[in-house]
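Report on one structure; see the data block that follows.
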Amino acid sequence: MSRKILVLEDEANIRSFIIINLKRAGYETIEAGTGQDALDQIRHNPDIDVALLDVMLPDTDGFEVCRRIRGSNKRIGIIMLTARTQEMDKVTGLMMGADDYVTKPFSPAELTARIDALCRRATGETIMSTDEITYPPFRLSIANRTLEKNGQQVKLTQVEYSIIKLFMENTGKALPREEILETVWGKDYIGEAKIVDVNIRRLRIKIEDDAQNPKFINTVWGYGYKWGS
Ligand code: CA
């Protein structure tokens with residue numbers, strides 16, 4: 001079963017370059033040239049595994065498309081295609097729910113490595129041994145890949161779920177950022193460790209009572225993060 005990838009890019013030559021290389025790597029591809037086009041394709045193809053979203057588009061921007069996709073779909077992997085000059089945009093994209101970003105110009109190998117990492121994560125580990133982990137007021141269901149706080153479900157992306165799972169399996173243990181990066185994003189990940197911090201920031205907003213004074217995801221200065229005290 002081949003993976004289905006949506007490519008949203010308005011520049012036809014870049015889009016076809018990406019499509020050719022993804023097909024060569026064995027992916028099934030769906031093309032979109034505008035934000036609206038992409039949203040329509042997502043609606044008609046609920047089995048899309050990963051969406052590649054260009055930031056600069058004629059009708060809207062990639063962040064808005066990302067936000068709208070995430071509004072109805074937590075499962076899909078989202079990679080933003082950003083220009084080198086859009087340093088801040090990476091962070092904006094991740095805050096809007098993207099899982100990763102690739103800076104233009106990128107090589108086909110870099111792009112497929114990122115997609116592969118996301119696909120592996122989205123499929124999830126099929127370990128059924130532990131059903132759930134509790135850490136009041138949280139309850140993490142491994143089978144359903146969901147997190148509840150005080151009985152209310154917290155909507156998480158696949159990346160956020162993987163981070164929380166890693167934390168809850170290592171309660172009270174300081175985890176270096178590199179270990180979080182390797183466990184969640186995979187050994188082949190070639191991006192920056194900063195992506196960990198951005199996801200943590202977003203997670204704190206979702207799960208902490210006060211994201212400025214976190215009680216659950218604690219910073220271990222110059223090292224990484226720790227779940228609990
Ligand atoms: Ca563009």
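The values are calculated or read from the model by the stated rules, or taken from the named source; none is laboratory data. These numbers were taken from a predicted model, which means no experiment stands behind them. Neighbour counts are summed over all protein chains in view; Cβ atoms, including those assigned to glycine, are modelled from backbone coordinates with ideal geometry.
Applying a threshold of 8 Å to beta carbon distances and a minimum spacing of six or more residues, or different chains, the list of pairs starting in the stretch 3-20 at a residue that is farther than 22 Å from A98 by Cα and ending at one that is buried (at least 17 other Cβ atoms within 10 Å of the Cβ) reads A12/G33. If the condition is being away from the ligand (no atom under 14 Å from the Cβ), assigned to a strand (DSSP E or B) and buried (at least 19 other Cβ atoms within 10 Å of the Cβ), then the stretch 5-28 contributes I5, L6. When you look at D197, is it touching a helix residue (DSSP H, G or I) at 6+ places or on another chain (Cβ under 8 Å) and not in a loop (DSSP other than H, G, I, E, B), yes or no? Judged against the criteria, D197 is a match.
Within the stretch 47-68, the set of residues being within 12 Å of the ligand (Cβ to nearest atom) and of a type in the set (G, A, S) comprises G62 only.
Criterion applied to L94, L57, L81 was being farther than 16 Å from V7 by Cβ and either out of contact with any Leu (no Cβ under 7 Å at 6 or more places or on another chain) or at pLDDT 85 or above (or both), and the one residue passing it is L94. Here the condition is being away from the ligand (no atom under 14 Å from the Cβ), within 18 Å of V198 (Cα to Cα), modelled with pLDDT under 85 and surrounded by fewer than 17 Cβ atoms within 10 Å (Cβ to Cβ); of E132, E87, it holds for E87 alone.
Summed over the stretch 31-57, residues that are within 19 Å of R114 (Cβ to Cβ) and in contact with a Pro (Cβ under 8 Å, 6 or more places away or on another chain) total 0. Residues in the stretch 129-166 that are more than 20 Å from D100 (Cβ to Cβ) and not in a strand (DSSP E or B): S129, T130, D131, P136, P137, I142, A143, N144, N150, G151. Looking at the stretch 25-43, I want the residues that are in contact (Cβ under 8 Å) with a residue 40 or more places away in the chain and have a partner that is among the aliphatic types (A, V, I, L, M) and surrounded by 15 or more Cβ atoms within 10 Å (Cβ to Cβ) with Cβ atoms under 6 Å, at least 6 apart or on another chain. Which pairs are those? Note: pairs meeting the criteria are Y27/I5.
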